[in-house]
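The values are calculated or read from the model by the stated rules, or taken from the named source; none is laboratory data. The structure displayed is predicted, hence computed values, not measured ones. All Cβ positions, glycine included, derive from the backbone under ideal geometry; neighbour counts span all protein chains shown.
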Ligand code: FAD
């Protein structure tokens, strides 16, 4: 069996204080020896400098960093500049995405879909970068159909993606079915489940509706019962997510990618409970 890979995702802090807090989080999570820390990239390049700064900080601490790069609203020239900068910083790993246009923005730029970005990165930089792409076991919200989304996913692999990270989900069967279906299309790259610890129910429900991640009815109903009792909600959430991670790994998932929300606590607890 190939070695499983674990990774942790951060968003770039807006303030110096946030950056200090993130350093502390990173130091704690670095003890778990992830393959890399990834750092998100705001739509249309809005976090370009902060993503770069965060990534530099991670690399300087001796851990591997993988910046996300989204292409919607960008020109080839601006993406080329970013790739050149990352190369000069010794970054070898990227998460390549389409991104979403900020509401009210009319200019889609020179890229329409993530497969065009992956092809562009390969054209410009050859094999310098290991490229991750996004996968949607519960179907991307704008996809025409389940099958169309699979075909579009395969397109990203065909032009050079090395592995994929999924949108988060709370239903392990959706992941296993998706993996079976992409394997049936001849896709063999690792598909690492994206894991979202459960913290704030209202926020989670809003975000899940927007990104097409289903909170199963039983889970929604149960989470609603906790109301403002955050401690009980979190404790229950940790049980649910730990069980799901266990099922995923036992079922053959090639690792886990944690959406940490810049917090070390929930990820560390799940990690310890899984005995990783
Ligand atoms: P694509 O793969 O381009 O797919 C987008 C939609 O278009 C899908 O419905 C697909 O079926 C369809 N499609 C794809 N190709 C074609 C085609 N050629 N013709 C017709 N239809 C097509 N967003 C950010 O802004 N910054 C981040 O840092 C970020 N990080 C993320 C990390 C992960 C692991 C994930 C899962 C998502 C992340 N996102 C991020 C969100 C992501 O940008 C959105 O989900 C976005 O809507 C789709 O991006 P994508 O790369 O999956 O797009």
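Observations on the structure shown:
- Qualifying residue in region 235-256 (condition: in a loop (DSSP other than H, G, I, E, B), within 24 Å of residue 66 (Cα to Cα), touching a residue at least 40 places away in the same chain (Cβ under 8 Å) and in contact with a helix residue (DSSP H, G or I) (Cβ under 6 Å, 6 or more places away or on another chain)): no
- Within region 46-63, tally of residues that are within 10 Å of the ligand (Cβ to nearest atom) and surrounded by 19 or more Cβ atoms within 10 Å (Cβ to Cβ): 2
- For residue 28, the conditions (1) out of contact with any helix residue (DSSP H, G or I) (no Cβ under 9 Å at 6 or more places or on another chain); (2) under 30 Å from residue 246 (Cβ atoms) are fulfilled apart from (1).
- Criterion: at positive phi, within 11 Å of the ligand (Cβ to nearest atom) and either modelled with pLDDT of 95 or more or surrounded by 13 or more Cβ atoms within 10 Å (Cβ to Cβ) (or both) - qualifying residue of 212, 160: 212
- Of all residues in region 87-108, those satisfying the criterion of being buried (at least 18 other Cβ atoms within 10 Å of the Cβ) and free of Cβ contacts under 8 Å to residues at least 40 places away in the same chain are 91, 94, 98.
- Pick from region 257-270, criterion outside any helix (DSSP H, G or I) and more than 16 Å from the ligand (Cβ to nearest atom), ranking: surrounded by the most Cβ atoms within 10 Å (Cβ to Cβ): 264
- Those residues of region 97-131 which are under 15 Å from residue 158 (Cα atoms), more than 13 Å from the ligand (Cβ to nearest atom) and touching a strand residue (DSSP E or B) at 6+ places or on another chain (Cβ under 7 Å), in sequence order: 130
Rundown of residues vs (1) surrounded by fewer than 20 Cβ atoms within 10 Å (Cβ to Cβ); (2) more than 8 Å from the ligand (Cβ to nearest atom); (3) at positive phi, yes/no style:
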| residue | (1), (2), (3) |
| --- | --- |
| 133 | no, no, no |
| 143 | yes, no, no |
| 150 | no, yes, no |
| 167 | no, no, no |
| 175 | no, yes, no |
| 179 | no, yes, no |
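- Candidates are the residues of region 14-41 that are surrounded by fewer than 20 Cβ atoms within 10 Å (Cβ to Cβ) and in contact (Cβ under 8 Å) with a residue 40 or more places away in the chain; the one that is nearest to the ligand (Cβ to nearest atom) is 35.
- Lone qualifier among 198, 189 - being assigned to a loop (DSSP other than H, G, I, E, B), surrounded by 15 or more Cβ atoms within 10 Å (Cβ to Cβ) and away from the ligand (no atom under 16 Å from the Cβ): 198
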